[in-house]
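Participant: My structure is below; once you've seen it, I'll send some questions.
Just so you know, all these numbers are worked out from the coordinates, no wet-lab data involved. In this text, all values refer to a predicted model and were calculated from it rather than measured experimentally. Neighbour counts are summed over all protein chains in view; Cβ atoms, including those assigned to glycine, are modelled from backbone coordinates with ideal geometry.
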Amino acid sequence: MLNTIPEIKKEFFAYRNGIVADMLRKNGDPHQFIMGCQLVDVVNISNRVEHTVENATRLWSDRNHRECRMIAPMLYPIDEMQYDVALDWAESVECNEIADVLCHRLLRRLPFAWVLSKELVNNDSDLVKYTGYRLVLNLLLINAVIDKTELKNIVEKEKVAQPQRDIVQLLDSIEEEL
């Protein structure tokens, strides 16, 4: 069992992939430190770390390390996540990849995920809005959307006004699932 943050970071280093890291940097990944770990490797590492609020919070607070931000949602105990913390995490994502991992590994499992998604999609920030729609898509895929009629209306309105290509792609995927 990995017990400390330095031990976890040492594991990231062991799984580093220079080719992936270089590609991420070239494509504008905002993190200062990128090991280039693949998601499957981060998941494997997370299986050897104690899943506690403290570990998740400490890793999430390290905004400079890509892999720390990826593993944190995997470590946060679902039954201990509070709405305000989930909202704070969703509003603090720094790129689409982290939003995707956060939604898939944590937010979609929360009992208040649908309410959270509606708040996120109404945010003015494009990245937060992206996170909200990513969460909606995750909820659709696990059949956890509470009101599909409401969602269809939201998607139709948003597609008309949305200039962001990555959000439009999410909206198209949501529409396909409806």
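Participant: What is the set of long-range amide H partners of Val49 at a cut-off below 5 Å, with H atoms built 1.01 Å from backbone N?
Facilitator: Residues meeting the criterion, in which the H sits 1.01 Å from N, are Leu2.
Participant: Less than 14 Å from a label point 7 Å out along the Cα-to-Cβ axis of Asn96: which backbone N atoms in region 146-178 qualify, by residue?
Facilitator: Residues passing the 14 Å test: 163-174.
Participant: Another question about this same structure. Just grab the label-to-label distance for Asn64 and Thr149, each label 7 Å out from Cα along the Cβ direction, in nm (one decimal).
Facilitator: The two pseudo-label positions are separated by 5.3 nm.
Participant: Quickly estimate the mean residue ellipticity at 222 nm for the chain, helices only: each DSSP H run with n ≥ 4 gives -39500 (n - 2.57), and the total goes over all residues, rounded to 500.
Facilitator: Numbers: 11 runs with 116 residues, N = 178.
So the calculated ellipticity at 222 nm is -19500 deg cm²/dmol.
Participant: Take the alpha carbon atoms of region 120-174, find their center, do the same for region 11-63, and report the distance between the two centers in whole angstrom.
Facilitator: Taking the Cα centre of region 11-63 as reference, the centre of region 120-174 is 27 Å away.
Participant: Which length gain, in nm to one decimal place, applies between Gln169 and Glu54 when the Cα-Cα distance is subtracted from 0.36 nm times their residue separation?
Facilitator: Length gained, Gln169 through Glu54: 37.9 nm.
Participant: Under 25 Å between alpha carbons, and skipping anything fewer than 8 positions from Lys148 in its own chain: which lysines qualify?
Facilitator: Answer for Lys148, where 25 Å is the Cα cut-off: Lys118, Lys129, Lys157, Lys159, listed by chain and number.
Participant: Could you check which residue among Ala99, Ala161, Ala14 shows the biggest mean-square fluctuation in a GNM of the chain with a 10 Å Cα cutoff?
Facilitator: With Cα springs under 10 Å in the chain, the top fluctuation among Ala99, Ala161, Ala14 is at Ala161.
Participant: Give the relative contact order (percent, whole number) for the chain; include only Cα pairs under 8 Å separated by 6+ residues.
Facilitator: Relative contact order of the chain: 15 percent.
Participant: When only Cα pairs under 8 Å and 6 or more residues apart are kept, what is the percent relative contact order across region 82-178?
Facilitator: 26 percent
Participant: In whole Hz, what ³J(HN,Hα) sequence does region 73-90 give by Karplus (6.51, -1.76, 1.60; θ = phi - 60°), x for Gly and Pro?
Facilitator: Working through the residues one at a time gives x, 6, 9, 6, x, 4, 6, 9, 6, 9, 4, 5, 6, 4, 5, 4, 4, 5 Hz.
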